[in-house]
Every structure is written in structure tokens, then in C-alpha cells.
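Okay, so here's the structure we're looking at.
Read-outs throughout are calculated quantities, based only on the coordinates presented, and are distinct from any laboratory measurement. Quick caveat: nothing in here was measured; it's all calculated off a predicted structure. Here Cβ is always computed from backbone atoms with ideal geometry, including for glycine, and neighbour counts include all displayed protein chains.
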Amino acid sequence: MITITSVEAQSRFGELIDRAQREPVEVTRRGRTVAYVVSEPDMRELADMRRRREEAARWYAEYRRQVAGRSAGGAPALTESDIDRLMHELR
């Protein structure tokens, strides 16, 4: 991934768009990351991953609700790493 400043991004926007088709581009302002420019296929993949993650979280919430109804102890809460692991298992 390459990194460019916001000033470079403004002055070389066409080149930025072309480069983003090959790899994500990190845009910085005053030394801090402020944006990423990604291709349309990469964005679709990110959106799909987010959708699948949300579906996994909803499924687990429903599962916990059902299990809690059957037992007094309930189920433990899902951590971010648990959700990530479930997402990788879904692939």
C-alpha cells in the first residue's frame, strides 16, 4: 500500500484513482491517516465482509437469546476476536 498526502491526492487525483485500481492508497494529512482510496472490487469485498460480520453477530445474539431461555446461566458474550474467528470459519 502506498501513502500520499492530501495535497498530493488533490493535485494528482487521476493518478490516485489509477493507482487505487491496483492497490489501496492511504491518504494522510499532517502525518495522520485520514482516508483510504480503494477500487470498486475491493470496496465490494469490504462491504460483503461487513455484511457477513453483522449477520454472524445477529445470529449469535439470537442464539444467546435462545440459550438463555433454556438455562439460567446464559451464554458468554462474544468478543471481537470471537466474531473475527467466526467470520474466518464462514469463508
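In order along region 35-42, phi translates into HN-Hα couplings of 6, 10, 10, 10, 6, 4, x, 5 Hz, rounded to whole numbers, per the Karplus curve 6.51 cos²θ - 1.76 cosθ + 1.60 with θ = phi - 60° and x for Gly and Pro. Comparing 9, 47, 24 along the charge dipole axis of region 1-52, the residue lying farthest to the positive side is 47, per the Cβ-charge model. Beta bridges assigned by DSSP with both partners in the chain are antiparallel in approximately 55 percent of cases. Rounded to the nearest Hz, the phi-derived 3J(HN,Hα) couplings of region 46-55 under the Karplus curve 6.51 cos²θ - 1.76 cosθ + 1.60 (θ = phi - 60°) are 4, 5, 5, 5, 5, 4, 5, 5, 5, 5, where x marks glycine and proline. Set against the labelled values (i) 13.3, 47; (ii) 12.6, 39; (iii) 19.7, 62, Rg and Dmax of the Cα atoms in Å computed from this structure falls on (iii).
Annotation for residue 59 and residue 2: the two label points, set 7 Å from Cα along the Cα-Cβ direction, are 4.0 nm apart. Would you kindly derive the ³J(HN,Hα) couplings of region 2-15 from the backbone phi angles with the Karplus curve 6.51 cos²θ - 1.76 cosθ + 1.60 (θ = phi - 60°), listing them in order in whole Hz, with x for Gly and Pro? Once rounded to whole Hz, the list reads 9, 10, 9, 7, 5, 5, 4, 4, 5, 7, 10, 4, x, 5.
Between the amide H of residue 28 and those of 4, 5, 6, 34, distances stay under 5 Å, these residues lying 5 or more places away or on another chain, with hydrogens modeled in the peptide plane.
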